[in-house]
Structures are given as C-alpha cells and as structure tokens.
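All remarks here apply to the structure that follows.
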Amino acid sequence: MRHSLGIALLLTLSSLGGCELDQPCDAYVDYMCDCHDGEEGFDCAELSRIYAEADPDVQDQCAIDLSDQQATDENNEHQCATDDAPQ
C-alpha cells in the first residue's frame, strides 16, 4: 500500500514538471523593466538575458531582490506603472 502511494505521489510530482510555473526572475525582470527602464546604467535587455533560464538558487535570490527593490521604491516614493508596483 505504501509503495503504491509513493508511486502515485512521484507520478503527480513529475507531471507538474511540465507545467509553466511562475518564475521569480521573470517577475523581477518585468518589474525592473517596467519601473526602471531608461534610468542611467539600466539595460532591460541585458537584465533579461542575465536571468533567462535561471537556476533555482538564482530564482530564490530574484524573489528577495524583487521584494527589496519594491521596498526601496516605496520608501523613495518611486512611481511605477505596473501591477507589481508598491502602492
């Protein structure tokens, strides 16, 4: 019985691998490109290239970086035209 449950769980988890999951680096790049494009020293295309196909450790860092950037923007009253912008 336990063996069957383990196999069912494994099959369920492996089927999820084909699903498109939200990637924190995609959200980070979208936010930065929407809110900071055109600022001196910022290159949206380069940022997109850097974070394309990011591994899980980098994805974790992107989530942290996005949260930090949103907090910084909110503290600086930086206005963004995106749904992810601080309110």
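The values are calculated or read from the model by the stated rules, or taken from the named source; none is laboratory data. Keep in mind that what you see is a predicted model, and the values were worked out from it rather than measured. Remember, those area values only see protein heavy atoms, side chains included, never the ligands or the DNA or RNA. Shrake-Rupley method; radii C 1.70, N 1.55, O 1.52, S 1.80 Å.
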Taking 0.36 nm per residue of separation between E39 and A63 and subtracting their Cα-Cα distance, the length gained on full extension comes to 6.5 nm
Carbon plus sulfur, as percent of the 1.4 Å-probe accessible area of segment 19-67, comes to 47
